[in-house]
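The values are calculated or read from the model by the stated rules, or taken from the named source; none is laboratory data. Note that the structure is a prediction, hence the values are computed from the model and not measured. Glycine gets a Cβ as well: all are built from the backbone with ideal geometry, and neighbour counts include every protein chain shown. The area values use the complete protein model at the heavy-atom level, side chains included, leaving out ligands, DNA and RNA. Shrake-Rupley method; radii C 1.70, N 1.55, O 1.52, S 1.80 Å.
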Amino acid sequence: MSDILPGPDCTTMAEVRAGVDALDRELVALLRRRFDYMDAAARIKPARGQVRDEARKAQVIAQARAAAEAEGLPGAAIADLWERLVEASIAYELASFDERAG
């Protein structure tokens, strides 16, 4: 199967799975881009203590929740995913900062 169908056009589980697998690959590529920004932040921030910014974290999660709800997605579930994403990003940025400083 070469064409990935939009979800509403899928009529078989093979089509659904192909679409999900393709989207997962795209999501990983987008996460690579997001984590590249974490590398940049680790390079730009002058002190390790500046890596964690709870106000910014709350803002990012709230924005994701609002965007999800505007798309008809479950806001609480998306906020939970973003909580995990932001914490993983912070951990990555701390490791990047330590590697640079080390």
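Can you put Glu99, Glu15 in order of accessible area, largest first, using a 1.4 Å probe?
Values: Glu99 155, Glu15 35 Å².
Sorted by accessible area, descending: Glu99, Glu15.
Please give the length that would be gained between Met13 and Glu54 if that part of the chain were fully extended, namely 0.36 nm times their separation in residues minus their C-alpha to C-alpha distance (nm, one decimal).
Numbers: separation 41, 0.36 × 41 = 14.76 nm, distance 4.14 nm.
Separation in residues times 0.36 nm, less the Cα-Cα distance, equals 10.6 nm.
Within the P(r) computed for region 11-66, what percentage of the Cα pairs occupies the region above 18 Å?
Numbers: 898 of 1540 pairs.
Roughly 58 percent, rounded to a whole number.
For region 87-99, what does the Karplus curve 6.51 cos²θ - 1.76 cosθ + 1.60, with θ = phi - 60°, yield as ³J(HN,Hα) per residue in whole Hz, taken in order and with x for Gly and Pro?
5, 5, 5, 5, 4, 5, 5, 4, 5, 5, 4, 5, 5
Can you give the relative contact order of the chain as a percent, counting alpha carbon pairs under 8 Å and 6+ residues apart? Kindly include the intermediate steps, with their values, before the conclusion.
On the way: 58 pairs, mean separation 30.5, N = 102.
Computed value for the chain: 30 percent relative contact order.
With r as the distance between the Cβ atoms of Arg25 and Glu71 and R0 = 22 Å, compute the FRET efficiency 1/(1 + (r/R0)^6) and round to 0.05. Could the numbers behind the result be given before it?
Values: r = 21 Å, r/R0 = 0.95.
Given R0 = 22 Å and the Cβ-Cβ separation, E is 0.55.
Please state the charge dipole magnitude for region 1-82, taken about the Cα centre, from unit charges on C-beta atoms (+1 on K and R, -1 on D and E), reported in debye and rounded to the nearest 20.
Numbers: 12 positive and 13 negative charges, 150 e Å.
In debye, rounded to 20, region 1-82 gives about 720.
Over the heavy atoms of Phe35, what accessible area does a 1.4 Å probe trace out, to the nearest 10 Å²?
The value for Phe35 is about 40 Å².
I'd like the Karplus ³J(HN,Hα) series for region 21-32: coefficients 6.51, -1.76, 1.60, θ = phi - 60°, whole numbers in Hz, and an x wherever there's a Gly or Pro.
With coefficients 6.51, -1.76 and 1.60, one gets 4, 5, 5, 4, 5, 5, 4, 5, 5, 5, 5, 4 Hz.
Measuring from a point 7 Å past the Cα of Ala91 along Cα-to-C-beta, which residues in region 12-31 have an amide N at less than 12 Å?
Under cut-off, by backbone N: nothing.
HN-Hα J couplings of region 60-76 from phi, Karplus 6.51/-1.76/1.60, θ = phi - 60°, integer Hz, Gly and Pro as x?
4, 5, 5, 5, 5, 4, 4, 5, 4, 5, 5, 8, x, 9, x, x, 5
At a 1.4 Å probe, what is the % contribution of carbon and sulfur to the accessible area of the chain?
On the way: 4270 of 7220 Å².
Within the chain, the accessible surface is 59 percent carbon and sulfur.
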